[in-house]
Amino acid sequence: MVPLAHALIALPFSFKINSNALKRLPDETIFAARTLGASFMQTLAKAEIPAIKSAIIASAGFSFAISLGELGLALLLTEGKFPTMPVYIYRFISTYNVFSAAAMGVVLMVFSAACFYAIEKMNPETNMV
């Protein structure tokens, strides 16, 4: 249940990133593939997906980063078997184990920062500079 809920939280962000990439794709590319006899699935597999590969990677990384820090959903749906990092941080804070919570928070920040850094480096079209 938790992975499905995390996917539902990340879906709007991923959809927006990928739909913007598809909008930037020239219509002539799709029209040319369809005119040359490619089916819808062939056009999708051979023209559209390779053209938006960097957006797909960026949306996957962004979804992972969003899922890393989601506490409310994890607290609501976790049964104690597989707690996430934010749940551990919450548990450490609730037992006044602040140093362990801070250490786990640093680990979570490093993972999130590394994820966003990788998104920026792998997707050159999002660089503002």
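Quick notes on this structure:
- Of the peptides 61-71, 9-19, the order by per-residue mean of other Cβ atoms within 10 Å, starting with the highest, comes out as 61-71, 9-19.
- Candidate lysines - alpha carbon under 21 Å from residue 23, same-chain residues fewer than 8 apart omitted: 46, 53
- Potential lengthening of the chain between residue 114 and residue 16 amounts to 33.1 nm, from the contour at 0.36 nm per residue minus the alpha-carbon distance.
- Two-decimal log10 I(q)/I(0) for segment 2-126, as the Debye equation yields it once each C-alpha is a single scatterer, q = 0.15, 0.16 Å⁻¹: -0.79, -0.85
- Based on C-alpha pairs under 8 angstrom that are at least 6 apart in sequence, the chain has a relative contact order of 28 percent.
Values in this text are rule-based calculations from the coordinates and carry no lab data. A quick note: this is a predicted structure, and the numbers were derived from the prediction, not measured. In this analysis, Cβ positions are derived from the backbone assuming ideal geometry, glycine residues included, and neighbour counts consider all displayed protein chains.
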